[in-house]
Amino acid sequence: AAPILVAIDGPAGSGKSSVSRAAAEQLGFGILDTGAAYRALAWAALESDIDLDDEVLVAELIESWGYVTTLVGEPAIEVVLPAAIGVKGHDVTDAIRDPAISGQVSRVSKHPAVRDRLNEMFRRIVAESELPGVVIEGRDITTVVAPDAPVRILMTASPEVRAARRAGEMPGADHGQVLADIIARDAKDVLVVDFMNPAPGVTLIDTSELDFGQSVQAVIDVVQSAQSTAA
Ligand code: C5P
């Protein structure tokens, strides 16, 4: 059977990535972090000295990719990462989280040809998964990548809460700068896809007042209520 899809969109620092991972683990589902693919592509383009604003060249870079899946955690969950993460023998797992990449990634994610190719890759990864379900998280999953997913969630939080969380993950970071960076990146990304307002049928989860465990539970509740409706 095709895996059950749980589509989660939201801005940086909404808790989307860490909450999606924990929810997937509890559900025994895989997790597809689409932002990691955009980040890896920006990293690869910079590494190859390709102009990030050149749509054709950046899109062509994707052609040379495969993808890898790894099992982590107990119980094992499948984490799907683009194989570019290991391109040229570099492990860029940490490098793609660098603020330098966060600041440049919108330049590659704005290209329609890039988005079309990556979306095709995401859909193929999900279709080939043998897990009972996959959580896919990003910006346009509920609207473009998987608009027919049985579970679609938009996770948000206030900009101040998002900046505080991001700054908390980066020891020594200047909160004001982190807030300014988040606002600047969202402003660029939102020109390409609207991830601030839920599309019709999408469940809004605002995590501003929720702690981590409550946020994870909110996702699980939406998944379980969809499963009981379908049964
Ligand atoms: O989610 P994360 O912050 O890792 O995403 C990094 C960047 O990738 C975003 O700022 C955005 O430019 C791009 N992105 C996107 N569409 C997605 C996921 C990420 O454009 N589905």
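Could you check region 13-28 and list, in sequence order, the residues that are in contact with a Gly (Cβ under 6 Å, 6 or more places away or on another chain) and within 11 Å of the ligand (Cβ to nearest atom)?
Once the filter is applied, which keeps residues that are in contact with a Gly (Cβ under 6 Å, 6 or more places away or on another chain) and within 11 Å of the ligand (Cβ to nearest atom), region 13-28 yields only LYS16.
Any idea which of VAL108, VAL145, VAL126, VAL114 is away from the ligand (no atom under 11 Å from the Cβ) and touching a residue at least 24 places away in the same chain (Cβ under 8 Å)? Before the answer, list the steps.
Working: VAL108 fails: away from the ligand (no atom under 11 Å from the Cβ); VAL145 fails: away from the ligand (no atom under 11 Å from the Cβ); VAL114 fails: away from the ligand (no atom under 11 Å from the Cβ).
Answer to the selection: VAL126.
(1) modelled with pLDDT of 85 or more; (2) within 13 Å of the ligand (Cβ to nearest atom): which one isn't true of LEU81, the others all being true?
(1)
Only one of VAL92, VAL68 is more than 14 Å from the ligand (Cβ to nearest atom), under 25 Å from VAL134 (Cα atoms) and modelled with pLDDT under 75. Can you tell me which?
When all the criteria are applied, what remains is VAL68.
Would you tally the residues in region 157-176 being away from the ligand (no atom under 13 Å from the Cβ) and either open to solvent by 60 Å² or more (accessible area, probe 1.4 Å) or within 30 Å of VAL56 (Cβ to Cβ) (or both)? Working first, answer last.
First, the residues of region 157-176 that are away from the ligand (no atom under 13 Å from the Cβ): 157-161, 163-164, 167-168, 170-176.
Going one step further and asking which of them are either open to solvent by 60 Å² or more (accessible area, probe 1.4 Å) or within 30 Å of VAL56 (Cβ to Cβ) (or both), we end up with 160, 168, 170-172, 174-175.
Number satisfying all stated conditions: 7.
Given the criteria more than 16 Å from the ligand (Cβ to nearest atom) and either small (Gly, Ala, Ser) or modelled with pLDDT of 95 or more (or both), does ASP206 qualify?
Values: more than 16 Å from the ligand (Cβ to nearest atom): yes; either small (Gly, Ala, Ser) or modelled with pLDDT of 95 or more (or both): yes.
Judged against the criteria, ASP206 is a match.
Looking at (1) over 19 Å from ALA36 (Cβ atoms); (2) within 16 Å of the ligand (Cβ to nearest atom); (3) open to solvent by 20 Å² or more (accessible area, probe 1.4 Å), which is the one condition that is false for GLY201?
(2)
Can you tell me which condition SER225 does not meet? The list is (1) open to solvent by 30 Å² or more (accessible area, probe 1.4 Å); (2) at pLDDT 95 or above, and all the others hold.
So the condition that SER225 fails would be (2).
Can you tell me which residue is nearest to the ligand (Cβ to nearest atom) among those in region 29-50 that are open to solvent by 10 Å² or more (accessible area, probe 1.4 Å) and out of contact with any strand residue (DSSP E or B) (no Cβ under 7 Å at 6 or more places or on another chain)?
So, considering only residues that are open to solvent by 10 Å² or more (accessible area, probe 1.4 Å) and out of contact with any strand residue (DSSP E or B) (no Cβ under 7 Å at 6 or more places or on another chain), the one nearest to the ligand (Cβ to nearest atom) is TYR38.
Can you tell me which residue among LEU179, LEU154, LEU131 is at pLDDT 90 or above, of a type outside the set (S, T, N, Q) and either in contact with a helix residue (DSSP H, G or I) (Cβ under 7 Å, 6 or more places away or on another chain) or surrounded by 16 or more Cβ atoms within 10 Å (Cβ to Cβ) (or both)?
Answer to the check: LEU154.
The values are calculated or read from the model by the stated rules, or taken from the named source; none is laboratory data. Treat the numbers as computed from the prediction; the structure is a model and nothing was measured. So basically every Cβ, Gly included, is an ideal-geometry build from the backbone, and we count neighbours across all protein chains shown. Note: areas computed on protein heavy atoms with side chains; ligands, DNA, RNA excluded. Shrake-Rupley method; radii C 1.70, N 1.55, O 1.52, S 1.80 Å.
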